[in-house]
Amino acid sequence: GVLSGLTENLQAYRDALHAELTGWGQGSDIDDDNAQSDNDSSSSWELDVKFCQLRSDLDVAEQLFDGWSVKETKKVISLVGTLDQNNSNSNKSKKSKRRQRRKQQQQKNNKDDHHKKDEATTSSVADVTRYAEQLYLQATTASTTTTTSPQSPATHLSPHEWHHRLTQLTATKENNNSHNNNDTVHQKQERTVTLLDCRNVYESNIGHFRVPHADTVLTNTRKFSELPHVLVEQADRLVESDEIYMYCTGGVRCETASIFLQSLLKDKCQQKNDKATPPRVYQLHGGIQRYLEATTTMTPTNDDNERNNNNDDDCYFQGKNFVFDPRRHDPLHNGKVVGTCLVCHQPHDDYDSGAAPRQNHESRCWNCRILVLVCNDCRSKVSCWNEVNDDKPHVYCGGVDQECLHMPPVQIISGGHK
């Protein structure tokens with residue numbers, strides 16, 4: 001979850017929560033069925049609290065929450081639905097049913113050719129979803145007939161370990177390129193490395209990792225539950241890597257996604273006779289936020305954009321780190337603009353056109369309402385969602401007067417370049 005407030009109050013909340021966790025199983029007033037063993041040390045609990053800065057170009061009041069909601073959460077984050085046959089369609093929420101009816105009505109109004117295309121796509125998605133559910137269920141459930149244990153999340157790398165490994169990769173590639181191709185004495189064994197962005201398209205649009213001599217796969221999902229479908233489609237590419245480095249905003253999504261990915265790669269290797277060993281999978285501990293804290297030093301400036309005094313070689317994350325709070329993005333970034341305007345294709349990475357996100361001036365697709373990048377010059381020439389102006393062309397996530405992209409295509413950044 002995310003909280004806003006004074007530093008001393010947030011620190012007090014963190015300390016109280018930490019004391020509750022470390023007191024678990026040590027005589028604290030907690031249900032014995034859920035308590036840890038007395039033999040477990042307090043260090044087995046990790047409380048990952050990130051203290052993030054406010055943006056200097058927005059008023060403080062515009063970046064704070066004006067209320068909060070507390071509710072029981074049985075799952076921190078869900079990747080795919082389980083194959084529980086007790087969950088019938090009658091248990092769907094009213095919101096889900098309304099969304100299904102709107103989707104059916106939209107398909108009904110489409111032209112025949114689009115309708116056939118939608119049917120084929122829906123069938124394909126359903127097949128992949130069933131496969132993903134089965135794979136994830138096998139990965140997270142211990143077998144009763146064999147000694148198979150549930151799949152563990154990928155190996156965690158601290159920000160410094162992550163950065164060091166990527167730097168070593170770059171140095172090895174450049175060193176080998178400096179020698180003659182026939183000079184095998186000085187060459188080190190090269191590794192095929194892939195970086196995997198597990199975030200949504202509107203997040204990676206304004207910031208992502210770019211590493212020389214490595215491919216970065218931008219999955220470009222619209223929501224997290226679409227990730228298994230993308231990973232299945234990209235499995236042939238991913239399985240050819242020696243190492244896969246996956247990342248997300250704070251590290252939470254990778255905990256679940258890495259379980260699925262490792263199981264997928266193992267299953268793929270069993271299908272391919274020429275690939276005996278699946279790639280090694282690592283995840284960035286603490287996510288992009290921790291990496292930026294470790295590699296970036298923020299310096300105050302007089303303009304509206306935060307800038308840092310590090311050079312590009314000190315930080316492989318380019319652009320802004322999208323966050324799900326009233327700031328829209330974290331102020332820690334290196335000043336690089338990696339996003340582009342959907343209309344004129346010029347560099348642009350501000351969804352809100354200089355306004356505070358709370359003011360609701362952001363640009364959104366006319367149809368699906370997903371965030372899109374439209375620069376200040378083009379903003380007055382087009383109409384976005386909830387803007388009634390028949391004289392201006394409508395902006396969709398697929399472009400101006402184009403179709404809505406129900407499944408945005410995967411993007412590959414090869415060697416640090418799109």
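The values are calculated or read from the model by the stated rules, or taken from the named source; none is laboratory data. These numbers come from a predicted model, not from an experiment. Glycine also receives a Cβ, built like all others from the backbone with ideal geometry; neighbour counts cover every protein chain displayed. Each accessible area value is taken on the protein alone, full model and side chains, heavy atoms only, with ligands, DNA and RNA left out. Shrake-Rupley method; radii C 1.70, N 1.55, O 1.52, S 1.80 Å.
For residues in the range 328-342 being farther than 23 Å from Gly398 by Cβ and in contact with a strand residue (DSSP E or B) (Cβ under 7 Å, 6 or more places away or on another chain), which is modelled with the highest pLDDT?
Narrowing the range 328-342 to residues farther than 23 Å from Gly398 by Cβ: 329-336.
Those left that are additionally in contact with a strand residue (DSSP E or B) (Cβ under 7 Å, 6 or more places away or on another chain): 329, 331-336.
Numbers: His329: 96, Pro331: 93, Leu332: 89, His333: 85, Asn334: 81, Gly335: 84, Lys336: 90.
The extreme case among them is His329.
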Q) In the range 371-398, what residues are closer than 25 Å to Asn321 by Cβ and in a loop (DSSP other than H, G, I, E, B)? A) Val372, Leu373, Val374, Cys375, Cys384, Trp385, Cys397
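Can you report the number of residues in the range 263-288 which are of a type in the set (S, T, N, Q) and modelled with pLDDT of 95 or more?
Total satisfying the criteria: 1.
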Q: Return yes or no: is Asn360 polar (S, T, N, Q) and either open to solvent by less than 60 Å² (accessible area, probe 1.4 Å) or touching a Lys or Arg at 6+ places or on another chain (Cβ under 7 Å) (or both)?
A: no
Q: Of the conditions (1) more than 21 Å from the chain's Cα centre (by Cα); (2) of a type in the set (A, V, I, L, M, F, W, C); (3) part of a loop (DSSP other than H, G, I, E, B), Cys368 clears all except one; give me its number.
A: (1)
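Can you spot a residue in the range 402-410 that is open to solvent by 50 Å² or more (accessible area, probe 1.4 Å) and either closer than 24 Å to Glu62 by Cβ or in contact with a Gly (Cβ under 6 Å, 6 or more places away or on another chain) (or both)?
Keep residues of the range 402-410 that are open to solvent by 50 Å² or more (accessible area, probe 1.4 Å), which gives 402-403, 405-407, 409.
Those left that are additionally either closer than 24 Å to Glu62 by Cβ or in contact with a Gly (Cβ under 6 Å, 6 or more places away or on another chain) (or both): 405.
The answer is yes, given that some residue of the range 402-410 is open to solvent by 50 Å² or more (accessible area, probe 1.4 Å) and either closer than 24 Å to Glu62 by Cβ or in contact with a Gly (Cβ under 6 Å, 6 or more places away or on another chain) (or both).
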Q | All positions within the range 371-395 that are under 24 Å from the mean Cα position of the chain (by Cα) and open to solvent by 50 Å² or more (accessible area, probe 1.4 Å) | A | none
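If I ask for residues that are in contact with a Phe, Trp or Tyr (Cβ under 8 Å, 6 or more places away or on another chain) and either assigned to a loop (DSSP other than H, G, I, E, B) or of a type in the set (D, E, K, R) (or both), which ones from the range 335-365 would you list? Show your work before the answer.
Our first condition is that a residue be in contact with a Phe, Trp or Tyr (Cβ under 8 Å, 6 or more places away or on another chain); within the range 335-365, this holds for 351, 357, 362-365.
Hits for the range 335-365 are Tyr351, Glu362, Ser363, Arg364, Cys365.
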(Q) Quick check on the range 47-60. Is at least one of its residues part of a helix (DSSP H, G or I) and either modelled with pLDDT under 50 or open to solvent by less than 50 Å² (accessible area, probe 1.4 Å) (or both)? (A) no
Q. What number goes with the only condition from (1) acidic (Asp, Glu); (2) in contact with a helix residue (DSSP H, G or I) (Cβ under 8 Å, 6 or more places away or on another chain); (3) closer than 16 Å to Pro153 by Cβ that Glu293 does not pass?
A. (3)
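May I ask you to verify whether Ala214 is at pLDDT 75 or above and over 27 Å from Lys336 (Cα atoms)?
Numbers: at pLDDT 75 or above: yes; over 27 Å from Lys336 (Cα atoms): no.
No, not satisfied.
Looking at the range 191-279, what helices (runs of 4 or more DSSP H) fall wholly within it and have at least 3 residues that are among the hydroxyl-bearing types (Ser, Thr, Tyr), open to solvent by less than 20 Å² (accessible area, probe 1.4 Å) and farther than 27 Å from Val374 by Cβ?
Helices (runs of 4 or more DSSP H) meeting the threshold: 252-271.
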